[in-house]
1. Take the stretch 157-168 and flag every residue that is without any contact (Cβ under 8 Å) to a residue 60 or more places away in the chain and more than 14 Å from residue 87 (Cα to Cα).
2. Please go through the stretch 94-143 and give me each residue that is closer than 22 Å to residue 14 by Cβ, without any contact (Cβ under 8 Å) to a residue 24 or more places away in the chain, over 18 Å from the mean Cα position of the chain (by Cα) and not in a loop (DSSP other than H, G, I, E, B), ordered by number.
3. List, please: which pairs have Cβ atoms under 8 Å, are six or more places apart or on different chains, and start with a residue in the stretch 24-35 that is part of a helix (DSSP H, G or I) and end with one that is exposed (fewer than 15 other Cβ atoms within 10 Å of the Cβ) and modelled with pLDDT under 90?
4. Can you say whether residue 81 is in contact (Cβ under 8 Å) with a residue 12 or more places away in the chain, more than 30 Å from residue 6 (Cβ to Cβ) and surrounded by 14 or more Cβ atoms within 10 Å (Cβ to Cβ), as far as the supplied structure shows?
5. Note down all Cβ pairs under 7 Å where the first residue falls in the stretch 169-182 and is free of Cβ contacts under 8 Å to residues at least 60 places away in the same chain, the second is exposed (fewer than 14 other Cβ atoms within 10 Å of the Cβ), and they're at least six residues apart or on different chains.
6. Kindly indicate whether residue 60 is more than 23 Å from residue 14 (Cα to Cα) and surrounded by 15 or more Cβ atoms within 10 Å (Cβ to Cβ).
7. Would a scan of the stretch 144-156 turn up a residue that is loosely packed, with under 14 Cβ neighbours inside 10 Å, touching a helix residue (DSSP H, G or I) at 6+ places or on another chain (Cβ under 8 Å), part of a helix (DSSP H, G or I) and in contact (Cβ under 8 Å) with a residue 24 or more places away in the chain?
8. Looking at this structure, is residue 89 surrounded by 21 or more Cβ atoms within 10 Å (Cβ to Cβ), at pLDDT 90 or above and assigned to a strand (DSSP E or B)?
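The values are calculated or read from the model by the stated rules, or taken from the named source; none is laboratory data. Because the structure is a prediction, the values reported are computed rather than measured. Quick reminder, even Gly has a Cβ in these numbers, built from the backbone with ideal geometry, and neighbours come from all protein chains shown.
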């Protein structure tokens, strides 16, 4: 059952744990960066992944929305399962799988009971892989989430959140949102095939015979 918390009360509750959440966010972000650096040892490409600057602990307004939707009150703030979040953005769909497996198999992982789940929002078409779990910082457990998206998934998430998140939209706009998300998903699949084929085959430009080459055209003055 939805609740309607007072924002000031949520802000007070958030202020009490803000510094704690910031420390957890730094630790979680450092862990993901550590996994990426370990993977880079065996990967020639150093630009396949980045940590998004929007890695964060939830702000008061987002917490109010989450509490309201969950039917919880401000004093239940620690029951939100994604209080702290870190986002990694990768090039291709296969990189999503590769990074998620490395995170889950890492001996340095501090998340308790990590649960990976592919997310696809039925309204906006948002896609990502989320790994949720609990982080125990010595003072108790805090719900955390690691998001992994491709560059195209991330671009659509940013645009759809800015223009459409928690806003009323007509049936036509909702249909357009879904179609655009599907279009980007197809492009992601194409990028995956391009990457796979470029690794399997040596692609060289086709040399044209001199007889087929076209001489440059000189333009007359005044034309």
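1. Listed by number, the residues that qualify are 159, 160, 161, 162, 163, 164, 165, 167, 168.
2. Within the stretch 94-143, just 134 meets the criteria.
3. 31/108; 34/108; 35/108
4. no
5. Close Cβ pairs satisfying both conditions: 174/123.
6. In short, no.
7. Yes, that holds for at least one residue.
8. Details: surrounded by 21 or more Cβ atoms within 10 Å (Cβ to Cβ): yes; at pLDDT 90 or above: yes; assigned to a strand (DSSP E or B): yes.
So residue 89 fits the description; yes.
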